[in-house]
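Asker: Mind looking over this structure? Questions follow.
The values are calculated or read from the model by the stated rules, or taken from the named source; none is laboratory data. Being a predicted model, the structure only gives us computed values, none of them experimental. Note: ideal-geometry Cβ built from the backbone for every residue, glycine included; neighbour counts use all protein chains shown.
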Amino acid sequence: MLYAIAHFLRDKLRWLWNFVECINAWLFSLRYGKKLKIFSFSGLPTGYEVTPMRDVPTDKIVEFFSRQPEEAFEFFKPHGFDMKSIKRLQRNRAFLGYMLLDTENGNIAGYCFNRCFFHGVGYRGRMVDVAYRGEGLGTAMNKLLNEVGFGIGLRLFETVSKDNVASYRSALSASKVKVVKEMPHNELYLEILPD
Ligand SMILES: CC(C)(COP(=O)(O)OP(=O)(O)OC[C@H]1O[C@@H](n2cnc3c(N)ncnc32)[C@H](O)[C@@H]1OP(=O)(O)O)[C@@H](O)C(=O)NCCC(=O)NCCS
């Protein structure tokens with residue numbers, strides 16, 4: 001229900017979405033800010049480091065999205081990918097976005113996020129750079145999202161299309177999941193369960 005409302009606001013009533021987003025970020029920060037300050041990741045894939053997206057230059061993030069092929073966005077439309085949209089996400093304290101960096105060359109190898117709500121839920125999403133796919137990074141990023149989300153005490157959810165095989169399998173590989181609802185267009189609404 002909350003998911004449907006959020007999508008309606010985001011797509012149809014942008015000014016109201018922006019207002020709600022500000023209030024949500026403020027309340028989320030009040031409730032979870034201290035826990036996040038002391039949180040650190042333990043399960044990083046070898047050869048990579050993870051950095052909050054707010055610490056990565058905006059143009060580098062925009063460039064990461066612009067070099068992905070069109071098919072990468074078929075099932076991945078969580079927000080805009082232009083400078084303004086990315087800057088907005090970087091400022092949003094309830095949007096826990098992270099970039100996975102290749103330590104050898106500093107390249108962005110992946111992007112993942114928990115979009116969080118102050119009442120204690122987060123929605124996961126991720127994208128792996130096309131040149132780094134199939135190496136387990138999608139699954140690794142799901143684990144990172146679980147680590148931070150469950151670490152601060154959130155319930156985690158995501159929608160995944162059964163047609164997006166890599167995404168569906170990486171969701172299952174990284175976590176125990178419960179199908180909350182079967183949605184139109186072959187989509188599943190999943191709750192991610194702690195191990
Ligand atoms: C979905 C995505 C993040 C997966 O990342 P990845 O690093 O390539 O995935 P992994 O290497 O961790 O593989 C995960 C699983 O998918 C399988 N897989 C990977 N690519 C696959 C493909 N093209 N076809 C079928 N299965 C595939 C792997 O074998 C693995 O399965 P297993 O755990 O049962 O062994 C990546 O494909 C992507 O960025 N897609 C575009 C954005 C997107 O759709 N995001 C998800 C929506 S939120």
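Asker: For the stretch 147-167, which positions are touching a residue at least 40 places away in the same chain (Cβ under 8 Å), near the ligand (Cβ under 10 Å from one of its atoms) and in a helix (DSSP H, G or I)?
Answerer: Once the filter is applied, which keeps residues that are touching a residue at least 40 places away in the same chain (Cβ under 8 Å), near the ligand (Cβ under 10 Å from one of its atoms) and in a helix (DSSP H, G or I), the stretch 147-167 yields only Ser167.
Asker: For the stretch 52-70, indicate whether the set of residues that are basic (Lys, Arg), within 24 Å of Val128 (Cβ to Cβ) and modelled with pLDDT under 95 is non-empty.
Answerer: no
Asker: Starting from the stretch 127-138, take each residue that is without any contact (Cβ under 8 Å) to a residue 60 or more places away in the chain and farther than 11 Å from Ala72 by Cα and list its partners that are among the acidic types (Asp, Glu) and surrounded by 15 or more Cβ atoms within 10 Å (Cβ to Cβ), counting only C-beta distances under 8 angstrom and pairs at least six apart or across chains.
Answerer: Note: pairs meeting the criteria are Tyr132/Asp102.
Asker: Taking the options Leu172, Leu144, name whichever one is in a helix (DSSP H, G or I) and at pLDDT below 95.
Answerer: Step by step, each of Leu172, Leu144 is checked, and only Leu172 is in a helix (DSSP H, G or I) and at pLDDT below 95.
Asker: If the Cβ limit is 6 Å and pairs must be 6+ apart or interchain, which residue in the stretch 51-80 that is within 23 Å of Val148 (Cβ to Cβ) pairs with which residue that is assigned to a helix (DSSP H, G or I) and not aromatic (Phe, Trp, Tyr)?
Answerer: Met53/Gln90; Arg54/Gln90; Thr58/Met83; Thr58/Ile86; Thr58/Lys87; Ile61/Ile86; His79/Ser85
Asker: Just to be sure, is Met83 in contact (Cβ under 8 Å) with a residue 12 or more places away in the chain, closer than 18 Å to Lys143 by Cβ and among the hydrophobic types (A, V, I, L, M, F, W, C)?
Answerer: Taking the combined requirement at face value, the residue does not satisfy it.
Asker: Looking only at residues in the stretch 75-129 that are part of a helix (DSSP H, G or I), of a type outside the set (Gly, Ala, Ser) and out of contact with any Lys or Arg (no Cβ under 7 Å at 6 or more places or on another chain), which one is surrounded by the fewest Cβ atoms within 10 Å (Cβ to Cβ)?
Answerer: In the first step, residues of the stretch 75-129 are kept if they are part of a helix (DSSP H, G or I); the result is 83-91.
Okay, now just the ones that are also of a type outside the set (Gly, Ala, Ser), so 83-84, 86-91.
Next cut, out of contact with any Lys or Arg (no Cβ under 7 Å at 6 or more places or on another chain) only: 83-84, 86-89, 91.
Values: Met83: 12, Lys84: 9, Ile86: 22, Lys87: 14, Arg88: 15, Leu89: 19, Arg91: 11.
Checked the stretch 75-129; the qualifying residue surrounded by the fewest Cβ atoms within 10 Å (Cβ to Cβ) is Lys84.
Asker: Looking at (1) surrounded by fewer than 17 Cβ atoms within 10 Å (Cβ to Cβ); (2) assigned to a loop (DSSP other than H, G, I, E, B), can you tell me which one Ala72 breaks?
Answerer: (2)
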